[in-house]
1. Can you give the three extents of the C-alpha atoms in region 32-151 along their principal axes, from longest to shortest, in whole Å?
2. Please figure out what share of the DSSP beta bridges in region 157-259 is antiparallel and state it in percent, rounded to the nearest 5.
3. Rounded to the nearest 0.05, what FRET efficiency do residue 244 and residue 140 give with R0 = 45 Å and r taken as the Cβ-Cβ distance? Could you check?
4. Using 0.36 nm times the number of residues separating residue 93 and residue 149, minus their current alpha carbon distance, what extension gain do you get?
5. Restricting things to alpha carbons, find the Rg to Rh ratio for region 85-227 using the Kirkwood radius for Rh.
6. Quote the relative contact order of the chain in percent (integer), defining contacts as alpha-carbon pairs under 8 Å separated by 6+ residues.
7. Roughly how many nanometres apart are two label points built 7 Å out from the Cα toward the Cβ at residue 178 and residue 209?
8. With an 8 Å Cα cut-off and a minimum separation of 6 or more residues, compute the relative contact order for region 127-223 in percent.
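Each value in this text was obtained by applying a stated rule to the coordinates, not by laboratory testing. Please read these numbers as outputs of a predicted model, since none were measured by experiment. A quick note on method: Cβ atoms are made from the backbone with ideal geometry, for glycine too, and the neighbour counts reach across all protein chains shown.
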Ligand code: GLU
């Protein structure tokens, strides 16, 4: 592996729970394009945290589709690199260290509310990402230190209610969310002993020295949550660039269930790479050994 001259580090972080769709293709090509513009390094990270939904076949299909799209990365599960492993299922120790640090810092509490309790307490879904606000029932607990391992309960991050969390998005401009109103105490470690996306993505982007995160605008509010995690961990956050969402003809945001709009299906129907992501401004360059 050769390292690049620029300090910019971007990443592609697909979850292997289905095929890539047109929305992923657009977001990932923008991420790759920005790396080229900055002469930086692109990292591919396999976000296979969820053991129930992740499949190695989907990872293989994603890698194949990404290459067909002309995207090339310099670090990843297939070619290694200095900040590996590049699969979340192999990074448990990193997440555990962050869980300990946050718990010791008094930022987390164990939550024993059942799904039924939460459903009963939930008011209307709150906005874009539809996660109901947690009513804070378990906030008062004082038995955090008793847990030497996170398994068995949900661990929530206690958000500073009433604080405005803002950032300057490099594509969407100024963003602001009110903690406790726009999002509540969120889970960082699931009761089935799986670290939650919010924690894992922050730990990995920090450990992999990512300088700019490019991802879909559906995750803008998650970015605000993650900024609180960066602060609590004492880490400098990267910059953020949220891409416009691709919607289907009914205005619904694309998801993995939109099979007809998967890159695979478009390829099979004869679409060219340019039709899927627009013309590449530069020919793809490969520095990963697989070429
Ligand atoms: N694995 C996440 C997804 O596929 C990535 C989110 C992110 O870019 O932070 O939605």
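1. Cα spread of region 32-151 along its principal axes, largest to smallest: 50, 34, 31 Å.
2. 60
3. Working from the Cβ atoms, E equals 0.60.
4. On the way: separation 56, 0.36 × 56 = 20.16 nm, distance 1.17 nm.
Stretched fully, the residue 93-residue 149 segment lengthens by 19.0 nm.
5. 0.95
6. This gives 24 percent for the chain.
7. 4.1
8. Relative contact order for region 127-223 comes out at 31 percent.
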